[in-house]
Amino acid sequence: MLWPMFVLELAGMSSQKCVKHVTMAIHSQDPKARVEVKLSEHLVHVETVAELEKVKRALENDGYRVVRSEPRP
């Protein structure tokens, strides 16, 4: 099964603790989501069946600001 993929750039992500919180926020919307965090670039690559807006809202509720998001082929 192919899941939609997207990349998010987050402001406020600065440590391994942030990586854990970001991953948990995304998994709250889709426990089976594949999440790869590139901390030094402030990027999160997500493969999920969850709606992008719900994922963004979960991250924002956790204190992160989504600077940009874009779909990945």
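Only the coordinates and a few stated rules stand behind these numbers; no lab work does. Only a predicted model underlies this, so the values are computations on that prediction, with no experimental measurement involved. Cβ: placed from backbone, ideal geometry, glycine included. Neighbour counts: every protein chain shown.
Could you count how many residues in segment 24-52 are within 16 Å of W3 (Cβ to Cβ), part of a helix (DSSP H, G or I) and free of Cβ contacts under 8 Å to residues at least 40 places away in the same chain? Talk me through it step by step, then tell me what you get.
Restricting attention to segment 24-52, the residues satisfying the condition of being within 16 Å of W3 (Cβ to Cβ) are 26-27, 29-36, 44-52.
Filter once more, keeping what is part of a helix (DSSP H, G or I): 26-27, 29, 52.
Narrowing further to those that are free of Cβ contacts under 8 Å to residues at least 40 places away in the same chain: 26-27, 29.
Final tally of qualifying residues: 3.
Does at least one position in segment 60-73 carry a residue that is among the hydroxyl-bearing types (S, T, Y) and under 18 Å from Q16 (Cβ atoms)?
Yes, there is a match, as at least one residue in segment 60-73 is among the hydroxyl-bearing types (S, T, Y) and under 18 Å from Q16 (Cβ atoms).
Taking the condition in contact with a strand residue (DSSP E or B) (Cβ under 6 Å, 6 or more places away or on another chain), not in a strand (DSSP E or B) and not charged (D, E, K, R), does V19 pass?
So V19 passes the test.
Take the residues in segment 41-59 that are surrounded by fewer than 16 Cβ atoms within 10 Å (Cβ to Cβ) and within 19 Å of R72 (Cβ to Cβ); name whichever of them is nearest to the chain's Cα centre (by Cα).
Filtering segment 41-59 down to residues surrounded by fewer than 16 Cβ atoms within 10 Å (Cβ to Cβ) leaves 41, 45, 49, 51, 53-54, 57.
From what's left, within 19 Å of R72 (Cβ to Cβ): 41, 45, 49, 51, 53-54.
On the way: E41: 13, H45: 6, V49: 13, E51: 11, E53: 11, K54: 10 Å.
Here the residue is H45.
Could you list, in sequence order, all residues of segment 55-73 that are of a type outside the set (A, V, I, L, M) and within 18 Å of H27 (Cα to Cα)?
If the condition is that a residue be of a type outside the set (A, V, I, L, M) and within 18 Å of H27 (Cα to Cα), then K56, R57, E60, N61, D62, G63, Y64, R65, S69 are the ones that fit.
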